[in-house]
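Right, one structure below, let's go through it.
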Amino acid sequence: MKKIDKERLLLGIAAPILAVVAAFLITALVLAATGKEPFSAFGIMFEYGVKSDSQVYIINKATTYYLAGVAVAVGFRMNLFNIGVDGQYRLAAFFAAALGGALTLPGIVQVPLIILTAMIVGAMWAAIAGVLKVTRGVSEVVSTIMLNMIATAIIGYLLQPGRLGHLDAAGTKVATTPLAESSHFFEIPTTPTPIYGFVVVALIAGVAYWFTLARTRFGFDLRTVGQSDTAAAASGVNVKKMVVTAMLISGAMAGLIGMPTLLNDSYEFGGDFPVGIGFTGIAIALLGRNHPIGIGLAAILWAFLERGGQKLEFQGYDREIVGVMQGVIVLCVVIAYELVRRYGLKRQQRQVGEKLAAQARSNDQTEVSA
């Protein structure tokens, strides 16, 4: 039993490692084809990425990416493709920022209220796709794409002077009312810049995700529905309820994505608020195989590549090469997982065949002896 577990662990680790190695090799070929020195570029990225200020940047970025990856992974574990994470976190951050800017409560009350508001908004927005799926049979892929567009339109309409937006003193930026200083989340002092305190919340979210899926009946039912909804229904699981619940949890987790930026950095929601993180979360969840530790490593890698890309631009390289590398990693991950899955399946079939053959020989020897 221990041997089988070790083999599965090795196969699980092999796929992302193969994907990353293949991605670097392909990127090296792309750089060489454009007349650039590939290994010099990788050296620049690594040297810049291990600097102290870069490490802080990577941790802060990875915090946001980790939450995005977990939000997507909740849906993936149930075979739901929640593309709407991007719209869910932006809408959640917008309303949380608007509420936080309108209140002046003690921080111990206001900070949890802002976070709770974001989670509720994200959950409710994701629930629309879940309800449409179980009542009308609408694919969550289609509905969440449309909901992303609607969320963008809602934010654009409300983020205007005279509504929920306010023009700054310079008259150049429209944003929600800045949060009071009491609403700022704590920071971990480091040099030269602090680490977002929200990294602690991200770690708690990761532990909660692991415990729920691996150690609870709900998590077992969720994974069962993801593997076979007909088998789950036959065993007494309410599949429709599980779909809506999974979307609610995924949306609530998505609501946390914008909180590190809102509570530890910008303290307001404006036109420059980060976008596209939900789609990054899809890639990170795939790379991390929906496992909390794997997602964490993938988030750190993604942030590291982004940080290194900033330095490449000043060294005469095209910054877009990082996007190429990230895209190739995702593509290689899909291919590597499929290769490893097929190898594991063949290995299991061979082991079963060997056991059956050994049992048949044992039976033959018993008959001869008799």
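Is it fair to say L356 is in a helix (DSSP H, G or I), open to solvent by 50 Å² or more (accessible area, probe 1.4 Å) and within 30 Å of F24 (Cβ to Cβ)?
no
Might you let me know whether the stretch 10-27 holds any residue that is on the phi > 0 side of the Ramachandran plot, out of contact with any Phe, Trp or Tyr (no Cβ under 7 Å at 6 or more places or on another chain) and not β-branched (V, I, T)?
No, that holds for no residue.
Considering each residue of the stretch 77-135, count those that are under 26 Å from D168 (Cα atoms) and surrounded by fewer than 17 Cβ atoms within 10 Å (Cβ to Cβ), and give that number.
Number satisfying all stated conditions: 7.
Give the residue, chosen from V340, V324, that is surrounded by 13 or more Cβ atoms within 10 Å (Cβ to Cβ), more than 21 Å from L9 (Cβ to Cβ) and touching a helix residue (DSSP H, G or I) at 6+ places or on another chain (Cβ under 8 Å).
From the options V340, V324, the qualifying one is V324.
For (1) acidic (D, E); (2) over 28 Å from the mean Cα position of the chain (by Cα), each residue gets a yes or a no:
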position	(1), (2)
I284	no, no
L287	no, no
I293	no, no
E306	yes, no
Y337	no, no
R347	no, yes
L356	no, yes
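Can you tell me which residues in the stretch 203-217 are assigned to a loop (DSSP other than H, G, I, E, B) and touching a residue at least 60 places away in the same chain (Cβ under 8 Å)?
none
Which members of the stretch 156-202 meet the condition of being modelled with pLDDT under 95, open to solvent by 80 Å² or more (accessible area, probe 1.4 Å) and in a helix (DSSP H, G or I)?
Across the stretch 156-202, the qualifying residue is only E181.
Tally time: how many residues in the stretch 283-309 are within 30 Å of L213 (Cα to Cα), open to solvent by 10 Å² or more (accessible area, probe 1.4 Å) and not β-branched (V, I, T)?
Residues flagged as within 30 Å of L213 (Cα to Cα), open to solvent by 10 Å² or more (accessible area, probe 1.4 Å) and not β-branched (V, I, T) within the stretch 283-309 amount to 13.
Does Y57 qualify as being open to solvent by 10 Å² or more (accessible area, probe 1.4 Å), closer than 19 Å to S266 by Cα and either of a type in the set (F, W, Y) or touching a residue at least 24 places away in the same chain (Cβ under 8 Å) (or both)?
Answer is yes for this residue.
Name the pairs whose Cβ atoms lie under 7 Å apart, with the first residue in the stretch 218-246 and over 16 Å from L132 (Cα atoms), the second among the charged types (D, E, K, R) and buried (at least 17 other Cβ atoms within 10 Å of the Cβ), and 6 or more positions between them or separate chains?
Every condition considered, the pairs that remain are L222/R77; R223/R77; G226/R77; A232/D221; V237/D221.
Consider L18 carefully, then state whether it is assigned to a helix (DSSP H, G or I), under 30 Å from R347 (Cβ atoms), open to solvent by 20 Å² or more (accessible area, probe 1.4 Å) and without any contact (Cβ under 8 Å) to a residue 40 or more places away in the chain.
Answer is no for this residue.
Confirm whether I277 is in contact (Cβ under 8 Å) with a residue 12 or more places away in the chain and open to solvent by less than 10 Å² (accessible area, probe 1.4 Å).
Answer is no for this residue.
Within the stretch 204-234, count every residue that is open to solvent by 50 Å² or more (accessible area, probe 1.4 Å), over 15 Å from S250 (Cβ atoms) and not basic (K, R).
Residues that pass the stated criteria total 11.
Taking interchain pairs and intrachain pairs at least six residues apart, which have beta carbon atoms under 8 angstrom, with the first residue in the stretch 140-153 and open to solvent by 40 Å² or more (accessible area, probe 1.4 Å) and the second among the hydrophobic types (A, V, I, L, M, F, W, C)?
V141/F81; V141/I83; I145/I83
When you go through (1) in contact (Cβ under 8 Å) with a residue 60 or more places away in the chain; (2) outside any loop (DSSP other than H, G, I, E, B); (3) within 27 Å of V70 (Cα to Cα) one by one for R347, which number turns out not to apply?
(3)
Inspect all residues belonging to the stretch 310-317 and state whether any of them is part of a helix (DSSP H, G or I), open to solvent by 20 Å² or more (accessible area, probe 1.4 Å) and in contact (Cβ under 8 Å) with a residue 24 or more places away in the chain.
Checked against the condition, which is being part of a helix (DSSP H, G or I), open to solvent by 20 Å² or more (accessible area, probe 1.4 Å) and in contact (Cβ under 8 Å) with a residue 24 or more places away in the chain, the stretch 310-317 yields at least one hit.
Might you check whether a residue that is of a type outside the set (K, R), modelled with pLDDT of 95 or more and part of a helix (DSSP H, G or I) occurs anywhere in the stretch 268-277?
yes
The values are calculated or read from the model by the stated rules, or taken from the named source; none is laboratory data. Bear in mind that the values here come from a model prediction, so they are computed numbers and not experimental data. Using ideal geometry, Cβ is built from the backbone for each residue, glycine included, and neighbour counts are taken over all protein chains shown. Surface areas here come from the heavy atoms of the whole protein model, side chains and all, with no ligands, DNA or RNA. Shrake-Rupley method; radii C 1.70, N 1.55, O 1.52, S 1.80 Å.
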